[in-house]
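Working notes for the structure below.
The values are calculated or read from the model by the stated rules, or taken from the named source; none is laboratory data. All values derive from a computational prediction rather than experimental measurement. Here Cβ is always computed from backbone atoms with ideal geometry, including for glycine, and neighbour counts include all displayed protein chains.
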Amino acid sequence: MIHEFDVVVVGAGGAGLYCALEAGRKARTAVISKLYPVRSHTGAAQGGIGAALGNVEEDRAEWHAFDTVKGGDYLADQKAATLLADEAIGAVYHLENLGLPFNRTPDGRIDQRRFGGHTRNFGEAPVRRACYAADRTGHMILQTLFQQCIKHDVAFHDEFQLVDVFIENNRCSGLAAVELATGDLHVFRAKAVLLATGGFGRLFRITSNAYANTGDGPAVLARRGVPLEDMEFFQFHPTGIRGLGILITEAVRGEGGVLRNRNGERFMEKYAPGLLDLAPRDMISRAILTEIGEGRGVKGDRSADDYVLLDASHLGKDVIAAKLPEISDFCRTYLGIDPAAEPIPVQPTAHYAMGGIPTDDRGRVAVDDKGTIIEGLYAAGECACVSVHGANRLGTNSLVDLVVFGRRAGLDISGYVGQAGLPDLPRDLVDKGLEPIARLRERTGGPAPEPLREKMQDLMMQKVGIFRRGKDMAEAVGEIEELRGHYREIGLLDRGREFNTSLLEILELGNLLDLAYLTACSALRRRESRGAHAREDFPGRDDAAWLKHSLARLDGDRVEIGDKHVDISIWPPKPRKY
Amino acid sequence: MKIILEIQRFNPKKNQFPYFQRYEIGAEPNDRLLDVLMRLQRTVDPTLGLRKSCAHGICGSDAMVIDGHERLACKTLVKEVASGDGAVVRIEPLRTMPVQRDLMVDQGSFFAHYRKVKPYLINSEEVREKERLQSPEERARFDDATKCILCAACYSACPVRQKTNAAYIGPAAIVQASRFIEDGRDRGFEERLPDLDFSDGVWPCVNFFECTRVCPRSIKVTYLINLTKRRITDYRKPKGDNSRAKPG
């Protein structure tokens, strides 16, 4: 079945919906998503969205931009980070005007709270910058944007899984997707395609990410020769619920919560004497693993499932009820504890991909260091890499990213489709795109997918996790190569066509394996430590050799990695101390 | 320990009637039931159909009927439903919606009813580059309703929808309407009135409280339905109109 639209948006999280609202004003726009719209993972974001409104104390967009650059260990593109911080302010007001129920100050304005790495006057002290709706800010953004899509009658194709994107001569002409309800393959011919497929935390065993976060957009593009940027930078959030990885928002620490080891010591005093528990996430995750490694975890046995404590009991019942009700609910449900009475057992959890599909600041996919774009192809949100997060994203900036760049992409698309014609669909590309599913359906037997998934998640966790070593990563690359080989032999055991969730899971596993491969290869190549990429064999940051983005291109069984310059035109790089 | 999952299976393309299939599977007391179901699907029976995503109770994908009650599988721990070795847990799809496959139901009518109540802020007054002011007290008034994740547990559990009026718009749609009616920034009460004040609108509810009992977000659903009824009768009182202020 062939559909024709001006614009097709893939993914119905914050970036996708924002883009659809903007583009949909003038152009025939469709949103396809493998989930129902309100199920997307934007809804899981908790603590807040950063914007220098200055509602409770002095703040400036310039400070927000600087914090973003420093938080990213100087790998963020500085003009893009400035744009992010400037436009965050208007974006937050716009969301409020659309009905988003932010918490309020006594005088009725949007309330703001502290978050990791956000400071006043270029690092002096923490600043209250995070605008929030209790600890379900992402849920409220997703709901508000979906509500607007209903109001403006945006067309949705629910439960369509992306299979391929058609690109020829640097021009995108559409995409292929499989419909869960029928098993049918659909081709969408479009002037512009925006990928907003979210993150890929399911690469790792312990993650805060949804089952759906399998990086479908970046993986599909990688197989079509689009290089992926900065794949070696993957953020571990320091406070996931022990064992489950469920996120415990940084807002717990923003409101005054404290991390402690088995001796009751506030160990962040050693690692970040200035910002303490509000240091950036990469530093705190490493601090926790160091404490555990030196026998000061709660169990004290230095094991992979050892943990530390996040103590919020001194905040009192009222603060927790008003500002952190979801966290309270998670603790009751999954741990059987009340955070107002007892500390929360936490360990780092794979959380956010700083890398992804390289784009410019209008969301256009740019494939090389010269800024060559693929006409008609866009990306925004976590799957994209502008780059505003550099080597480590600051808390609240993911929500800023998706509203600012979702909107910017939507505006650019709106202008572009006004003057562009509907491209021809190259028949051979379409046939090639539909082939893998046909092959999967024909094959019976072969290896079971589940052991491959478990193997991948374990080795990514152990060998390409928080602390990395060349030897481990080289092994990981080899093992992933093997897993990719086995994957090609997988057959489909569920032979039904309708609502075949097994088929989708196998496609997702293929996407994850390709991204695991690109991540491990990129990490192995970067011989320095920067932000979330921490190498025991190269512990220092090396600006002379490595102050550059990486662009990793998948070519069948090989990965070629090139460089892309970093914009450091505003703040010269300095050592990163907090 | 080993537990028994007794799961309702139904593929409308293949089966004339739904049937139950029993699976014995290993589980830890602190596992989420969703983890066990996913392990079952991934290692034992790939044909089992179910939806899931966030796995911690915020996306609303995995509502189902567990031992007779609507719950999210990801917010249900094994120890809450299985006392020990050999314990049986019965799992069925949500009610009042057609089954698509096993535990997956067609939520089309649920979302259609939700869309019908105009679940978005209605206010065309201009604001320029600033927020609309709202006191913390005004904000608190509609807080409960903003927690809704549209999981359809209440829609499934409602005895009115199950037995007497399948056309009733259901609890979630009214909660969503209430979220805006109680928001001082909204101006859409009169616009929404026709979609609430009619025989399948707010009035079929007769306070069974099942919606409140099953809500995985602990929203006081029945209270919000009654509050909405009261807003409608209060609106009509000065006009001397009480024509449809009673159920039916």
Identify the single condition in (1) more than 9 Å from every other protein chain (Cβ to nearest Cβ); (2) touching a residue at least 60 places away in the same chain (Cβ under 8 Å); (3) surrounded by fewer than 18 Cβ atoms within 10 Å (Cβ to Cβ) that residue B:159 does not satisfy, given that it satisfies every other one.
-> (2)
Could you give me the residue pairs with C-beta distances under 7 Å whose first residue belongs to the stretch A:84-95 and is touching a residue at least 24 places away in the same chain (Cβ under 8 Å), whose second residue is in a helix (DSSP H, G or I) and acidic (Asp, Glu) wherever it lies, and which are 6+ apart or on separate chains?
-> A:84/A:401
Residues located in the stretch A:299-330, provided they are touching a residue at least 24 places away in the same chain (Cβ under 8 Å) and within 14 Å of chain B (Cβ to nearest Cβ) = A:305, A:319, A:322, A:323, A:324, A:325, A:326, A:327, A:330
Could you give every pair whose Cβ atoms fall below 8 Å, whose first residue belongs to the stretch B:8-29 and is within 14 Å of another protein chain (Cβ to nearest Cβ), and whose second residue is loosely packed, with under 14 Cβ neighbours inside 10 Å and outside any loop (DSSP other than H, G, I, E, B), counting only separations of at least 6 or pairs across chains?
-> B:9/B:19; B:9/B:20; B:9/B:21; B:10/B:19; B:25/B:2
Kindly establish whether residue B:179 is exposed (fewer than 15 other Cβ atoms within 10 Å of the Cβ), within 29 Å of residue B:59 (Cα to Cα) and either of a type in the set (Asp, Glu) or in contact (Cβ under 8 Å) with a residue 40 or more places away in the chain (or both).
-> no
Enumerate the helices (runs of 4 or more DSSP H) found wholly within the stretch A:441-536, keeping only those where 1 or more residues are of a type in the set (Asp, Glu) and in contact with a Ser or Thr (Cβ under 7 Å, 6 or more places away or on another chain).
-> A:449-463, A:501-525
Enumerate the pairs (first residue in the stretch A:234-260 and within 14 Å of chain B (Cβ to nearest Cβ); second residue anywhere and assigned to a loop (DSSP other than H, G, I, E, B) and of a type in the set (D, E, K, R)) with beta-carbon separation below 7 Å, excluding pairs fewer than 6 apart on the same chain, so at least 6 apart or on different chains.
-> A:243/A:305; A:249/A:135
All but one of (1) of a type in the set (A, V, I, L, M); (2) touching a Lys or Arg at 6+ places or on another chain (Cβ under 6 Å); (3) buried (at least 22 other Cβ atoms within 10 Å of the Cβ); (4) more than 20 Å from residue A:499 (Cβ to Cβ) hold for residue B:122, so report the exception by its number.
-> (3)
Would you check which residues across the stretch A:61-112 are away from every other protein chain (no Cβ under 14 Å) and not in a helix (DSSP H, G or I) and list them?
-> A:72, A:73, A:74, A:75, A:76, A:77
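For every residue, the table says whether it meets (1) at pLDDT below 95; (2) touching a Cys at 6+ places or on another chain (Cβ under 8 Å); (3) not in a helix (DSSP H, G or I).
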{"residue": "A:239", "(1), (2), (3)": "no, no, yes"}
{"residue": "A:243", "(1), (2), (3)": "yes, no, yes"}
{"residue": "A:259", "(1), (2), (3)": "no, no, yes"}
{"residue": "A:269", "(1), (2), (3)": "no, no, no"}
{"residue": "A:304", "(1), (2), (3)": "yes, no, yes"}
{"residue": "A:321", "(1), (2), (3)": "yes, no, no"}
Do we have any residue at all in the stretch A:468-485 that's buried (at least 17 other Cβ atoms within 10 Å of the Cβ), in contact (Cβ under 8 Å) with a residue 12 or more places away in the chain and closer than 16 Å to residue A:391 by Cα?
-> yes
